[in-house]
Amino acid sequence: MQRTEYPLLSPSLGSQKTLVGFHFGAPGARPKVYIQASLHAEELPGMLVAHHLRERLEAADQAGHLRGEVILVPVANPIGLAQRLDHKPMGRFEFDTAQNFNRHYPDLAAAVLSDAIPRMGADAQANVAAVRELVGQWLKNWQPSTELESLRRQLLLLSHDADLVLDLHCDTEAVMHLYSEEACWPPFEPLARLLACKAVLLARESGGGPFDERLSGLWWQLAAGLRAAGVNAPLPQACASTTVELRGEGDVSHDHARQDAQAIGAFLEHAGALAAQAPPALPPMACQPTPLAGSQTLHSPVAGVLVFLARPGDTLAVADVVAEVIDPTAAGSARVHAVRAEVAGVLYAAVRERYIVSGGEVGKIAGATPFRSGDLLGA
Ligand SMILES: [Zn+2]
């Protein structure tokens with residue numbers, strides 16, 4: 001195991017932040033698995049999972065059980081982690097730019113398309129190696145001018161050539177769920193089983209340039225770009241990437257984290273990154289995958305005190321009351337507004353605050369029928 005510090009660009013005199021990566025196994029060994037936590041810096045369950053997973057990986061390393069390469073970055077966003085306002089953590093948007101830390105990653109397929117065209121041949125694995133080399137070169141040539149860009153570049157330098165990428169997040173109050181591109185679902189079905197996901201949200205592409213989708217999107221988007229350019233060469237989906245939502249922000253406990261680290265460890269065995277005496281037993285799926293385009297984000301048209309009648313994990317029918325918004329100052333019967341499910345499915349996430357403004361978000365339901373288009377992720 002090697003612990004490596006990666007300094008970020010210094011944004012100001014006398015200031016320097018550092019990313020820390022733990023490297024297990026031989027560099028270049030396959031599969032390469034990249035795992036990071038808390039890119040949204042106030043989402044801490046992943047940080048604790050990384051702590052427990054590190055123990056597991058160190059033990060495997062000492063026992064000679066590392067078959068592939070694993071890179072673990074337990075604190076993926078030191079910039080956001082240090083941001084506070086009014087005694088509260090502010091780790092989702094960078095103060096300087098108001099940009100979401102998990103959006104605006106560069107379009108890697110577009111970045112390397114023209115250079116990839118003359119490099120493609122009949123050998124799929126050689127094509128994969130050429131694309132990884134081109135992306136690595138493009139990232140090395142990228143001269144970031146801000147601390148935030150340097151963070152994005154460093155995270156991509158560590159992960160761009162991985163076979164499997166797990167980006168560990170959480171929602172505000174939520175049950176275990178994950179997001180992935182459709183192209184990545186087959187390799188992640190075992191992970192969803194092991195983590196006992198209560199919702200799986202799949203999209204061809206969610207939009208907005210999140211970290212995970214830039215890594216997996218590279219392959220199917222580049223393959224499409226090559227076809228459009230008349231290049232007939234095999235290019236497989238060489239990276240599967242997922243955003244794992246480890247329940248809610250308050251779900252930081254050793255019990256959860258040990259259980260989740262164990263599930264991820266079993267997934268690493270299943271994927272062949274860790275040696276196993278026997279293949280890990282895969283429990284049945286605890287849910288059916290649903291399209292992200294079918295997920296309804298509930299909003300309240302009125303302001304007031306938010307009182308939930310349903311909890312994350314509940315299965316709802318259309319018109320079920322999810323929450324009441326109460327205006328104790330209203331005249332007459334307008335005091336209570338019911339927020340109802342407009343799609344049937346599992347309520348997989350809910351907000352934490354109990355005061356809501358008009359237009360505010362209440363929660364999310366994993367509906368089975370697509371009805372949304374465009375950018376599918378929230379702010
Ligand atoms: Zn997040």
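On the given criteria, is Ala368 under 26 Å from the mean Cα position of the chain (by Cα), touching a residue at least 12 places away in the same chain (Cβ under 8 Å) and open to solvent by less than 30 Å² (accessible area, probe 1.4 Å)? Judged against the criteria, Ala368 is not a match.
The C-beta contact set for region 185-200 (first residue within 13 Å of Leu164 (Cβ to Cβ), second residue open to solvent by 40 Å² or more (accessible area, probe 1.4 Å) and in a helix (DSSP H, G or I), distance under 7 angstrom, 6+ apart or interchain) comprises Pro190/His270.
Go through Arg247, Arg193, Arg258, Arg214 for me and flag whichever is within 16 Å of the ligand (Cβ to nearest atom) and farther than 23 Å from Gln296 by Cα.
The unique qualifying residue is Arg214.
Once region 43-59 is narrowed to residues that are over 12 Å from Leu168 (Cα atoms) and open to solvent by 10 Å² or more (accessible area, probe 1.4 Å), the residue that is farthest from the ligand (Cβ to nearest atom) is Ala59.
Here is a yes/no grid of residues against (1) open to solvent by 30 Å² or more (accessible area, probe 1.4 Å); (2) over 20 Å from Leu195 (Cα atoms):
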{"site": "Gly265", "(1), (2)": "no, no"}
{"site": "Ala275", "(1), (2)": "no, no"}
{"site": "Cys287", "(1), (2)": "no, no"}
{"site": "Leu292", "(1), (2)": "no, no"}
{"site": "Arg311", "(1), (2)": "yes, no"}
{"site": "Ala330", "(1), (2)": "no, yes"}
{"site": "Glu342", "(1), (2)": "yes, yes"}
{"site": "Ile356", "(1), (2)": "no, yes"}
{"site": "Gly360", "(1), (2)": "no, yes"}
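Every residue, every condition in (1) touching a residue at least 24 places away in the same chain (Cβ under 8 Å); (2) under 18 Å from Gly28 (Cβ atoms); (3) surrounded by fewer than 18 Cβ atoms within 10 Å (Cβ to Cβ), yes or no:
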{"residue": "Gln137", "(1), (2), (3)": "no, yes, yes"}
{"residue": "Asn141", "(1), (2), (3)": "no, no, yes"}
{"residue": "Leu166", "(1), (2), (3)": "yes, no, no"}
{"residue": "Ala174", "(1), (2), (3)": "yes, no, no"}
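Within region 104-123, the residues that satisfy the criterion of being surrounded by 14 or more Cβ atoms within 10 Å (Cβ to Cβ) and of a type in the set (A, V, I, L, M, F, W, C) are Leu108, Ala109, Ala111, Val112, Leu113, Ala116, Ile117, Met120.
In region 145-156, what residues are open to solvent by 30 Å² or more (accessible area, probe 1.4 Å) and either in contact with a Ser or Thr (Cβ under 9 Å, 6 or more places away or on another chain) or of a type in the set (Asp, Glu) (or both)?
So the first thing to find is which residues in region 145-156 are open to solvent by 30 Å² or more (accessible area, probe 1.4 Å), and the list is 145-146, 149, 153.
Matches in region 145-156: Thr146, Glu149.
Test Arg153 against the stated conditions and say whether it is more than 24 Å from Ser295 (Cβ to Cβ), away from the ligand (no atom under 16 Å from the Cβ), free of Cβ contacts under 8 Å to residues at least 24 places away in the same chain and in contact with a Phe, Trp or Tyr (Cβ under 8 Å, 6 or more places away or on another chain). So Arg153 fits the description; yes. Among the residues examined, Phe101 does not qualify as within 16 Å of the ligand (Cβ to nearest atom), surrounded by fewer than 19 Cβ atoms within 10 Å (Cβ to Cβ) and at pLDDT 95 or above. The number of residues in region 99-133 that are out of contact with any Pro (no Cβ under 7 Å at 6 or more places or on another chain) and in a helix (DSSP H, G or I) comes to 19.
The set of residues in region 249-263 being buried (at least 20 other Cβ atoms within 10 Å of the Cβ) and either charged (D, E, K, R) or more than 29 Å from His160 (Cβ to Cβ) (or both) consists of Asp251, Asp260.
Flag set for Ala293, criterion: assigned to a helix (DSSP H, G or I), touching a Pro at 6+ places or on another chain (Cβ under 6 Å) and in contact (Cβ under 8 Å) with a residue 60 or more places away in the chain.
The values are calculated or read from the model by the stated rules, or taken from the named source; none is laboratory data. The structure displayed is predicted, hence computed values, not measured ones. Note: ideal-geometry Cβ built from the backbone for every residue, glycine included; neighbour counts use all protein chains shown. What goes into the accessible areas is simple: the full protein's heavy atoms, side chains included, and nothing from ligands, DNA or RNA. Shrake-Rupley method; radii C 1.70, N 1.55, O 1.52, S 1.80 Å.
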